Amino acid sequence: MLQQCGCGDPRPPHLGTLCCDCTADEKYGLSLTHATCYGQHGHVQPFSDEDASIETLSHCSSFSDANSVADEGGETSEDAAQEDFQYKLKGFIDSTVDKSAKTRQGALDGLKTAMATRILYEFILERRMTITDSIERCLKKGKGEEQRAAASLACLLCIQLGSGIESEEVLKTLKPIFKNILADGSANIQARQAVATSLGLCTLVAEDDILDVHATMECFENLFTRSYARMDGTYTSINPQTSQLHTNALLSWALLLTICSANQLKDILRKHLTKLPRLLESEDVNMRIAAGETIALLFELARDMDADFEFENWDELCDKLNALATDCNKHRAKTDKRKQRSVFRDVLKAVEEGDFQSETIRFGMERMTIDSWVRKRTYDAFREFVGSGMNYHLQANEFIRDVFELGPPMLVDSATVKAMKISRFERHLHNSAAFKARTKARSKFRDKRVDVGEF
């Protein structure tokens, strides 16, 4: 009795269920790679957490020390591992046009994870148009989660290609679709949220015309200004999902503020700085935080242009910020209040004193200091898409290194990488010492109620 391959080719039992044009590699989650076999019988899985958690330091520092787990616990050569990895990516790209929405979404997620955790410039450059067409198709015909995955993949594609003609063409193709989804009130709200975030970073990376940047900012303004309080202090009724859309639009708008010209910034300050404080009264904690950070960013940019910059409603604004920095309303969740107070203490310092609480990011043998609101907004935007792969991209992605003025990537051999790592025991001793020091420092400020009672 003949069996049948997924592509419809009859097979004798002793030859299995795959035709000669098909290949199977279950180790990598790909059951069929023949073009006609990618249908309901094909099953493509996105990267697992194990794949995403590959030690990125050695990948990025040496570019030649890529070790991967082979079948039955053996090790393959670098070329074989790279070939297997590309084979898997090609399967994902083919599956983005599958009839099954679940398969398409799995393929998009797999490509997202790959682009977030590795540098794939040469591979992507050869298939840029194919990937762009797949994203465009998923955005137009997909629903909800698929559109959200496609929007995020578009942003990662631009990050991989960097600032140049290739990413400009990607944005030129996808920008009209992004704007249509944003403006369409009947579109899936999750898709609109993802597009609001992706369009901002894609514009930062790929847009070469400052007038087009300003036009994109106006699209964001049309969204988040709907959350402004009216002059009489009342608000329009907004559900949480729509509020998140407005928050994403505001954060993307703030990101594009960092590349605006001085004349554009003056117009924006005159138009929005007096209205943005109304968002501080929003019921959504994420909107309040986004508004506070945007106000701090605007003050920083304004003082960079004019050291003597003054805001006529400065006292009223400081009172609002101070109230949020010390908020103790019982009707708000503890986690929300804790997060809000932490952010608004920094925002209040930025407005009152022009100060910024700097932060140091360590990656490999290098360090980067986040020392301004402009740098923080940019870093947060990139990190939202690449996630745990941010340190890897800071080490190896030439475009991101150029954005943060880190210079060309450093090449470090594997011996140096091993020497940098400390043992688990040493790390345990260091953490214990830090814990004891922190406990002693905090004990000085704790309430001594027991002593008071005894007295």
**OP:** Would you work out what percent of the accessible area of the range 69-201, with all protein chains in place, is carbon or sulfur (probe 1.4 Å)?
**Re:** 46
Original post:
Which sequence of T242, T294 reflects their accessible areas, 1.4 Å probe, from the largest down?
Top reply: T242, T294
Subject >> Around A107: net Lys/Arg minus Asp/Glu count, Cβ-Cβ under 9 Å >> reply: -2
**OP:** Find how much the distance from E398 to N263 grows on full extension, using 0.36 nm per residue of separation minus their present alpha carbon separation; answer in nm with one decimal.
**Re:** 45.6 nm
**OP:** Please calculate how many Å² of accessible area the range 360-413 carries per residue, with a 1.4 Å probe and no DNA, RNA or ligand atoms counted.
**Re:** 48
Original post:
Which net charge results when you count Lys and Arg as +1 and Asp and Glu as -1 among the other residues whose beta-carbon is under 15 Å from that of K271?
Top reply: 0
Original post:
Sorted by accessible area with a 1.4 angstrom probe, largest first, how do D315, D84 fall?
Top reply: D315, D84
Original post:
Counting only protein heavy atoms and using a 1.4 Å probe, what share of the accessible area of the range 360-413 belongs to carbon plus sulfur, as a whole percent?
Top reply: 44
Original post:
Which of C155, Q193, I135 sits closest to the plus end of the dipole of the range 86-194, meaning its Cα is farthest towards the positive end, when Lys and Arg get +1 and Asp and Glu get -1 on the C-beta?
Top reply: Q193
Subject >> Across K175/K339; K88/K141; K90/K179, pairs whose alpha-carbon gap is larger than 32 Å >> reply: K175/K339
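The values are calculated or read from the model by the stated rules, or taken from the named source; none is laboratory data. As the structure is a prediction and not an experimental result, all values here were calculated from the model. Neighbour counts run over all protein chains shown; Cβ positions are idealised from the backbone, glycine included. Calculation scope for accessible area: heavy atoms of the full protein, side chains included, ligands and nucleic acids excluded. Shrake-Rupley method; radii C 1.70, N 1.55, O 1.52, S 1.80 Å.
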